[in-house]
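Asks: Dropping a structure here in structure tokens format, bear with me for questions.
The values are calculated or read from the model by the stated rules, or taken from the named source; none is laboratory data. Only a predicted model underlies this, so the values are computations on that prediction, with no experimental measurement involved. Cβ placement follows ideal geometry from the backbone for every residue including glycine, while neighbour counts extend to all protein chains displayed.
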Amino acid sequence: MSATEQTAPRRDYEWVEGWGMTVGSQARVLRPTTVDQVAQSFELAREAGVSLALRGSGCSYGDASTNADGWVLDLTRMNRILSFDAETGVADLEGGATIGQLWKRSLPHGWWPKVVSGTMFPTIAGAASMNIHGKNNYRVGTIGDCIRSIDVLAPNGELRTASRDANADLFHAAIGGFGMLGAITRVELETKRVHSGEVEVTGVSCHDLAEMMGRIDARTADCDYLVGWVDCFAGEDDLGRGLIHEARYLEPGEDPDAERTLRVAHQELPDRIMGLFPKSQVWRILRLLNHDAGMRLLNTVKQATGRLEGMRGPYRQSHAAFNFLLDFVPDWKWAYGRHDRHGLIQFQSFVPKEHALEVFQTILRRCQAAGFVSYLGVLKRHRPDPFWLTHSVDGWSLALDFKITPENREALLAHCAMLTKLVIEAGGKHYFAKDLSLRPGDAERFLPADRLDAFAVLKRELDPDNLLQTDLARRVFGDRLL
Amino acid sequence: MCFAGVEPIILRDPPTIMSAPIPPASVSPVPTPPRLRGVPADARRGIVIGASSGIGAALVRQLASEGYRVAALARRAEQLDELATACADDAARTGGRVITRPHDVLDTAEIPALFEELVRELGGLDLVIFAAGIMPTRGPEEYDTESDLAMIQVNLAGCIAWCNPVANYFRTQRRGTLVGISSVAGDRGRKANPVYGTTKAGMNHYLEALRNRLGESGVHVCTIKPGFIDTAMTKDLESTPFMISAEKAAASILSAARGRVNTRYVARIWFWVMTVIRCIPSFIFRKLNI
């Protein structure tokens, strides 16, 4: 062991909150840079008699990486890309490396991550722990589906390598296991060969939700990515109207300037709008519109411009610009308010395809009736995966962003709980990376009981002292797991 | 002529945080306590580093009288205890509280744990004032490296060691006000005390950089440049132009912090004085005895 590895992990004391800014607490944050320091962190917490929440970049909207009752173990400084094979596209990363680091390393060699989230900032360990999906979930599955192996350092001191062949239980439990079994310190995953730094995007305007879902279903065989934006303010006549963005990778030879477009510089998002207005200040303008009337106006304008986009025909966009929409406007979440528990929550429900249209229409209607209209609605198609606590279904998800304030908090969470009931009764699921509204017992109703039991057994084996806890784990599972 | 940051003291070995007898509390409670701009009404939790005397003690008294839960830190425990006792009535009346911790800013290794302990005990943090500083006198032909480095350790390294964890905490909670008590002495390189001025100039630079770095996060950093403050340490000085009391200085500092002022001269006349002094050409300035 080197001298560096023997040093204690860096320690900070700070405010730790969910990405939506509405839950958080002050906490000691340990920031290890090596596996040994992660082990040390476990020991330090055990000696102090406090729990430890695993955290990556803190991109989960709710309380999945906060810990009001203990410390936080932040893996972001353990962020080396250990290797990248330009022949096979297989990357070996430390857990704290981000999706952004990965594509910046792989793309110049003609490889793009198979699965990315709407932002490039999540760590790969966080992405694996939440088993994130992208706009191509129906086609390639979740990030777990493109991971070959992971190293998991458990609180009991064991460092296990898990894959589909070795420690398969741990592999399928830790991916999507929301950081309850151990720290994912290394991830080996596959990327996809691409022949251009751009994708071909087509915008398709839809009059209502049924048309949108029908169109997406019809295009799944031909498109590499499909995502629908939904205007949640639209009334009964055009309920769920919106805009689909279809995208496909370019074939060899389609991009005559591939060498240039594959460069990282071509992907970088511009920091000014039309070369003039700094995007870092756009959130201040959005803040002025961050109320029902303003957002109704914005949604209407977007729907109108979406029609124009549909008439424009296919156009090309860089991978980064297409995939990382959430990074387009820096700090846009501040438009929801930056202080005093103002922020946003996202209610993302996953519903089997047989009931999805009916459930989502009902959700949109009930939101309008209750006065909680989502400012941003996103529709995606999904497929099942083999991970134990997965959120994915053979169906659809609708993600709804809601503004939350101290004044509406209680009523909004009660409203979400009502919607949750609707989703679960339809055989649907929820996603821990987004959740802030599940109540005790809800998860047990949508997760398979045998998988949850097996997960609890594995947790007791790897973490006998229940060292790993989060506010989400306590809120959703309580004694069932901890 | 001599410029004082917080107040001048003679450096004894080892270097000390400012200390002086504590005058009785004299700040009247305000009916509706003012608050920092853009923060909740209950955001009244502060730390004052270098609180046992002078401006630091006056700040603690004033904050306690406004209902703050305030942690007072200084090297000498007895003086802190006296300060806490002096503030007890005001604090009890306003719902404030003064907690004290003996602390030497030279002990930078202690700071992370102490900071965590204080924030936990205060139940959060909204305001931090770094008021610790030393100013050993210097003869015109004296060059004392050991003493100078000690001054850098207290005035500048101590400031950085405290402000860094505070900045990180405020950044993550997207609010908070950090105040650094610098000095007018940092505005020009005076012949009287080269290293004291250097530490204050360094502090000005550091605080400005923090202000620029944290501004977008909603955190404010305020640089205070006091002139002469009426404390025990300035009593023996022959010339003390524009001298004001520690209480007036504290009120001005808190007003600047609440108003999100970037740089405040205390008293304000020093702004004009230093504007003139900054404009004096170097070849003339070196001939002046200021």
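Asks: Might you let me know whether the range A:31-43 holds any residue that is within 12 Å of chain B (Cβ to nearest Cβ), among the hydroxyl-bearing types (Ser, Thr, Tyr) and in contact with a Phe, Trp or Tyr (Cβ under 9 Å, 6 or more places away or on another chain)?
Replies: Within the range A:31-43 (the criterion being within 12 Å of chain B (Cβ to nearest Cβ), among the hydroxyl-bearing types (Ser, Thr, Tyr) and in contact with a Phe, Trp or Tyr (Cβ under 9 Å, 6 or more places away or on another chain)), the answer is no, since none of the residues qualifies.
Asks: Looking at (1) touching an Asp or Glu at 6+ places or on another chain (Cβ under 7 Å); (2) closer than 26 Å to A:Asp394 by Cα, can you tell me which one A:Ser163 breaks?
Replies: Here A:Ser163 clears every test but (1).
Asks: Sticking with this one: Filter the range A:276-304 down to the residues that are polar (S, T, N, Q) and away from chain B (no Cβ under 14 Å) and list them by number.
Replies: Within the range A:276-304, A:Asn290, A:Asn299, A:Thr300, A:Gln303 meet the criteria.
Asks: Given (1) assigned to a loop (DSSP other than H, G, I, E, B); (2) of a type in the set (D, E, K, R); (3) out of contact with any Phe, Trp or Tyr (no Cβ under 8 Å at 6 or more places or on another chain); (4) more than 14 Å from chain B (Cβ to nearest Cβ), identify the lone condition not met by A:Arg316.
Replies: All conditions are met except number (1).
Asks: Which residues, taken from the range A:1-43, are assigned to a strand (DSSP E or B), closer than 24 Å to A:Ile81 by Cα and either at pLDDT below 95 or not hydrophobic (A, V, I, L, M, F, W, C) (or both)?
Replies: Selection gives A:Arg10, A:Arg11, A:Arg31.
Asks: Looking at the range A:171-190, which of its residues are farther than 18 Å from A:Gln37 by Cα, part of a loop (DSSP other than H, G, I, E, B) and under 17 Å from the mean Cα position of the chain (by Cα)?
Replies: A:Ile175, A:Gly176, A:Gly177, A:Phe178, listed by residue number.
Asks: Among the candidates B:Ala161, B:Ala150, B:Ala131, which residue alone is surrounded by fewer than 24 Cβ atoms within 10 Å (Cβ to Cβ) and either without any contact (Cβ under 8 Å) to a residue 60 or more places away in the chain or touching a helix residue (DSSP H, G or I) at 6+ places or on another chain (Cβ under 6 Å) (or both)?
Replies: B:Ala161
For (1) in contact (Cβ under 8 Å) with a residue 24 or more places away in the chain; (2) within 14 Å of chain A (Cβ to nearest Cβ); (3) more than 26 Å from B:Ile269 (Cβ to Cβ), each residue gets a yes or a no:
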| site | (1), (2), (3) |
| --- | --- |
| B:Gly176 | yes, yes, yes |
| B:Ser183 | yes, no, no |
| B:Lys200 | yes, no, no |
| B:His205 | no, no, no |
| B:Ala209 | no, no, yes |
| B:Arg213 | yes, yes, yes |
| B:Thr223 | yes, no, no |
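Asks: Take the residues in the range B:117-149 that are within 13 Å of B:Trp162 (Cβ to Cβ) and part of a helix (DSSP H, G or I); name whichever of them is farthest from the other protein chains (Cβ to nearest Cβ).
Replies: It comes out as B:Leu118.
Asks: Let me ask something else about it. In this structure, is B:Glu216 assigned to a helix (DSSP H, G or I), of a type in the set (Asp, Glu) and in contact with a strand residue (DSSP E or B) (Cβ under 8 Å, 6 or more places away or on another chain)?
Replies: When the stated conditions are applied, B:Glu216 does not pass them.
Asks: Output the number of residues of the range B:43-78 satisfying the condition of being surrounded by fewer than 24 Cβ atoms within 10 Å (Cβ to Cβ), assigned to a helix (DSSP H, G or I) and either without any contact (Cβ under 8 Å) to a residue 24 or more places away in the chain or not aliphatic (A, V, I, L, M) (or both).
Replies: Count: 2.
Asks: Have a look at A:Asp385, A:Asp340 and point out the one that is in a loop (DSSP other than H, G, I, E, B) and either buried (at least 17 other Cβ atoms within 10 Å of the Cβ) or at pLDDT 95 or above (or both).
Replies: A:Asp385 is the lone residue from the list that is in a loop (DSSP other than H, G, I, E, B) and either buried (at least 17 other Cβ atoms within 10 Å of the Cβ) or at pLDDT 95 or above (or both).
Asks: Moving to a separate point now. Filter the range A:446-482 down to the residues that are of a type outside the set (A, V, I, L, M, F, W, C), in the same structural domain as A:Ala64 (by TED's automatic domain parsing) and assigned to a loop (DSSP other than H, G, I, E, B) and list them by number.
Replies: Selection gives A:Asp463, A:Pro464, A:Asp465, A:Asn466, A:Gln469, A:Thr470.
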